[in-house]
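Here is the structure we will look at, set down as structure tokens.
The values are calculated or read from the model by the stated rules, or taken from the named source; none is laboratory data. The model shown is predicted, which means the values in this text are computed figures rather than measured ones. Cβ coordinates were reconstructed from backbone atoms using ideal geometry, including for glycine residues, and neighbour counts include every protein chain displayed. Each accessible area value is taken on the protein alone, full model and side chains, heavy atoms only, with ligands, DNA and RNA left out. Shrake-Rupley method; radii C 1.70, N 1.55, O 1.52, S 1.80 Å.
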Amino acid sequence: MHPLLSRWDRVELSARADDVLDVYAAAMDVPVAAARARKGILLSHLDRRGLRGVAALEGDLLVGIAYGYVGEPGQWWHDQVAGSMSRSMARTWLAEAFEVCELHVRPELQGHGVGRDLLDTLLSDAGTRTAVLTTPDLETRARHFYRAGGWQDLVRGLRFPGDPRAFAVLGKELADRA
């Protein structure tokens, strides 16, 4: 049985923040306490312009989540990514872009189309010309997933302050959806 998809706004994301972070912990294979330490970050996103989320539910159990918003200068992630690009590239890809903040599916459901359904639904009426995200700059299942969905590498080897990993910035044109 395929999970039911439900569009979530700031109210549902706030009310189910711990569930969202539990899915993050399972998908990223990190301790629940470490994931829940990110709650302040999630809550800080709730008032961002264009915030939208999509949840995958089996009954009341959250098994997948995707959310994002329209990024703007002055926001930490947006500014880090913009600083890794030429001005021209940043104008092309980041001006009024939908920033996919999180996309996670519980491991037992990965590879069954849940992530693709979440992402496609999230972006289906984003109302922007482009979408962007970051993912570890490694040849992972996630990286292959994004490439198969039409995402392209924009920047490689981006390092965020406080994180030793290298990230890739990926972009997707959504011109037909603007």
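Tabulated results
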read-out: Top-ranked residue in segment 98-129 [being acidic (D, E) and farther than 10 Å from G53 by Cα; ranked as surrounded by the fewest Cβ atoms within 10 Å (Cβ to Cβ)]; value: E108
read-out: Exclusive hit being under 19 Å from T135 (Cβ atoms) and among the hydrophobic types (A, V, I, L, M, F, W, C), set A66, A15; value: A66
read-out: Top-ranked residue in segment 131-148 [being closer than 17 Å to C101 by Cβ and outside any strand (DSSP E or B); ranked as least open to solvent (accessible area, probe 1.4 Å)]; value: Y146
read-out: Residue check for H2: under 17 Å from L122 (Cβ atoms) and modelled with pLDDT of 95 or more; value: no
read-out: Counted residues, segment 149-176 - those being surrounded by 13 or more Cβ atoms within 10 Å (Cβ to Cβ), over 17 Å from Y67 (Cα atoms) and of a type in the set (D, E, K, R); value: 3
read-out: 3 or more residues on the phi < 0 side of the Ramachandran plot and crowded, with 16+ Cβ neighbours inside 10 Å: qualifying strands (runs of 3 or more DSSP E) within segment 1-84; value: 52-58, 61-70
